[in-house]
1. For the stretch 34-55, how many residues are of a type outside the set (Asp, Glu), open to solvent by less than 50 Å² (accessible area, probe 1.4 Å), over 10 Å from the mean Cα position of the chain (by Cα) and at pLDDT 95 or above?
2. Report, by residue number, each residue of the stretch 81-107 that is farther than 15 Å from residue 51 by Cα, open to solvent by 50 Å² or more (accessible area, probe 1.4 Å) and modelled with pLDDT of 95 or more.
3. Is one or more of the residues making up the stretch 111-118 aromatic (Phe, Trp, Tyr), touching a residue at least 12 places away in the same chain (Cβ under 8 Å) and either farther than 18 Å from residue 7 by Cα or surrounded by 17 or more Cβ atoms within 10 Å (Cβ to Cβ) (or both)?
4. Suppose we filter the stretch 49-65 for residues that are of a type in the set (Asp, Glu) and in a loop (DSSP other than H, G, I, E, B); how many remain?
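The values are calculated or read from the model by the stated rules, or taken from the named source; none is laboratory data. Small disclaimer: the values here were computed from a predicted structure and weren't measured. In this analysis, Cβ positions are derived from the backbone assuming ideal geometry, glycine residues included, and neighbour counts consider all displayed protein chains. Please note that ligands, DNA and RNA were not included when accessible areas were found on the heavy atoms of the full protein model with its side chains. Shrake-Rupley method; radii C 1.70, N 1.55, O 1.52, S 1.80 Å.
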Amino acid sequence: QVQLVESGGGLVQPGGSLRLSCAASGSIFSITSMGWYRQAPGKQRDLVAVMTTDGSATYRDSVKGRFAISRDNAKNILYLQMNNLKPEDTAEYYCNAILQLMATVPQSVFWGQGTQVTVSS
């Protein structure tokens, strides 16, 4: 089965930086996209950034110019570089992948367990 394991969260002061990583492991035929979502307490889970296999990236407006998504295709690792962090970025961050386990089956959606990012002075 496929596992997505996030790392890199923590406590940081406003204006600081963090880099999140998400390692995908298991028997994977192909990956259509990988992305980051976040969920603050009492709120819905929202898209932060997503990258497709061809390298195109999409960001939510509030993180444009501050966050950068990247991916090591050979190692199936997704990154999220977060700069100039703000208190409103505080949330649990989840890795997401849309992929095929085999050529003969439809795409499936997988989620990581989440990593907490807290921005506070």
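1. Residues flagged as of a type outside the set (Asp, Glu), open to solvent by less than 50 Å² (accessible area, probe 1.4 Å), over 10 Å from the mean Cα position of the chain (by Cα) and at pLDDT 95 or above within the stretch 34-55 amount to 1.
2. Taking the stretch 81-107 and keeping what is farther than 15 Å from residue 51 by Cα, we get 82-93, 100-107.
Next, from what is left, pick out any that are open to solvent by 50 Å² or more (accessible area, probe 1.4 Å): 83-84, 86-88, 101-104, 106-107.
Correct list: 83, 84, 86, 87, 88.
3. Kept after step one, since they are aromatic (Phe, Trp, Tyr), are these residues of the stretch 111-118: 111.
Add one more test, that the residue is touching a residue at least 12 places away in the same chain (Cβ under 8 Å), and what stays is 111.
The next check asks that each one be either farther than 18 Å from residue 7 by Cα or surrounded by 17 or more Cβ atoms within 10 Å (Cβ to Cβ) (or both); those that pass are none.
No, the stretch 111-118 contains no residue that is aromatic (Phe, Trp, Tyr), touching a residue at least 12 places away in the same chain (Cβ under 8 Å) and either farther than 18 Å from residue 7 by Cα or surrounded by 17 or more Cβ atoms within 10 Å (Cβ to Cβ) (or both).
4. Filtering the stretch 49-65 down to residues of a type in the set (Asp, Glu) leaves 54, 61.
With the extra rule that they be in a loop (DSSP other than H, G, I, E, B), the set shrinks to 54.
Adding up the residues that qualify gives 1.
Matching residues to (1) under 16 Å from residue 87 (Cβ atoms); (2) assigned to a strand (DSSP E or B):
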{"site": "14", "(1), (2)": "yes, no"}
{"site": "20", "(1), (2)": "no, yes"}
{"site": "23", "(1), (2)": "no, yes"}
{"site": "28", "(1), (2)": "no, no"}
{"site": "34", "(1), (2)": "no, yes"}
{"site": "47", "(1), (2)": "no, yes"}
